[in-house]
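Here the structure is laid out as C-alpha cells; the discussion comes afterwards.
The values are calculated or read from the model by the stated rules, or taken from the named source; none is laboratory data. What you see is a predicted model, and the numbers here were worked out from it, not measured in a lab. Cβ placement follows ideal geometry from the backbone for every residue including glycine, while neighbour counts extend to all protein chains displayed.
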Amino acid sequence: MKTARKPFPWIKPPGPVAPGLRIGLLGGSFNPAHEGHLHISDMAMKKLKLDYVWWLVAPQNPLKPSIGMAPLQDRLAYAARLFENHPKILVMDIERALGTRYSIDTIARLQQRFPELDFVWLMGSDNLASFRRWKRWQDIIMRVPIAVVMRPGSTLAPLHAKAAQRLSGQRCEHSCLAKRELPCITILDGPRNPLSATQIREKTDWQDNLFLACQP
C-alpha cells in the first residue's frame, strides 16, 4: 500500500523534522532582524522547552507599508548572517515558497506539510495589541497555542487587547501550554528587551549596515 503523499512536497524541511518536535514560529518583516527577536526566541525556547524557533521572514507584512521595506533577500540574508551561529534558530522565507501572505494561511500549510511537528505561535506583547487586525485571528488561536513575550511599552496588552480578552478563560501557565486544548495562550515575562526595528530604522546608517552585512 502506497504512503499518502504529503501536501506541498517541494517545500523542504528547513531543519530537523521528527514526530513530537516542538517548533516556535516567529513571523515578521525582520526589517531588520535584531536582538529583540533573539530575546523573544530565547525566552520562548527556555520556558516552553521548544526544540527550534523558525523565523518566518515575510515578503511583505499586510499591516505595514512597503515604503522603507528592504528587499526580502536582504532582510533574509541579514537575519541569517547575524544569527547563523545560533544552533536552534532557523531563518527562512518559507512564506514565499508556500505562496502565502497571511499568518493563518502560513500556519495551515505548515501544519499540512509537517503534521508530525507541534507548532507554537510566538509574538511580542506589542503585536498582541494589534492582533485583532490580523486576518482570521480567531482561526489562528484555534490552530496553534499562542505564547506572548512581554515587551516594554505594551504591558497592558494582555489585559486590554481584544484577543487577550477573548482568551481570558484559556490563559495558562507556560509549563502547561503543550497539554492544553485549543484555544490557549500563555504570557512569558522576565527581563525585557526594548530594542525594536523602528528604533534601528531611525538611525541614518541602518540601510548601509544592512547592505554591507549582506555582501559575500
The stretch 94-112 - residue that is charged (D, E, K, R) and surrounded by fewer than 20 Cβ atoms within 10 Å (Cβ to Cβ) and, of those, farthest from R180 (Cα to Cα):
R96
Members of the stretch 56-115 that are free of Cβ contacts under 8 Å to residues at least 12 places away in the same chain, under 21 Å from I40 (Cβ atoms) and aliphatic (A, V, I, L, M):
A80
Whether any residue in the stretch 1-21 is more than 23 Å from E116 (Cβ to Cβ), touching a Leu at 6+ places or on another chain (Cβ under 8 Å) and touching a residue at least 12 places away in the same chain (Cβ under 8 Å) is what I want to check.
no
All but one of (1) more than 20 Å from the chain's Cα centre (by Cα); (2) at pLDDT below 85; (3) closer than 20 Å to V120 by Cα hold for W206; state the number of the condition that does not hold.
(3)
Checking the conditions here, which among M142, M123 is among the aliphatic types (A, V, I, L, M) and exposed (fewer than 15 other Cβ atoms within 10 Å of the Cβ)?
M142
Go through (1) modelled with pLDDT of 95 or more; (2) over 23 Å from P152 (Cβ atoms) one by one and return the number of the condition L72 breaks.
(1)
Could you count how many residues in the stretch 156-183 are assigned to a helix (DSSP H, G or I), modelled with pLDDT of 85 or more and closer than 13 Å to I146 by Cβ?
3
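In the stretch 126-139, what residues are crowded, with 16+ Cβ neighbours inside 10 Å, not polar (S, T, N, Q) and not in a helix (DSSP H, G or I)?
Let us first name the residues in the stretch 126-139 that are crowded, with 16+ Cβ neighbours inside 10 Å, namely 126-131, 134, 137.
Within this subset, residues satisfying the condition of being not polar (S, T, N, Q) are 126, 128-129, 131, 134, 137.
Selection gives A129, W134.
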Test L50 against the criterion of being buried (at least 19 other Cβ atoms within 10 Å of the Cβ), assigned to a loop (DSSP other than H, G, I, E, B) and hydrophobic (A, V, I, L, M, F, W, C), and give yes or no.
yes
Which one of these is part of a helix (DSSP H, G or I) and surrounded by 21 or more Cβ atoms within 10 Å (Cβ to Cβ): A33, A44?
A44
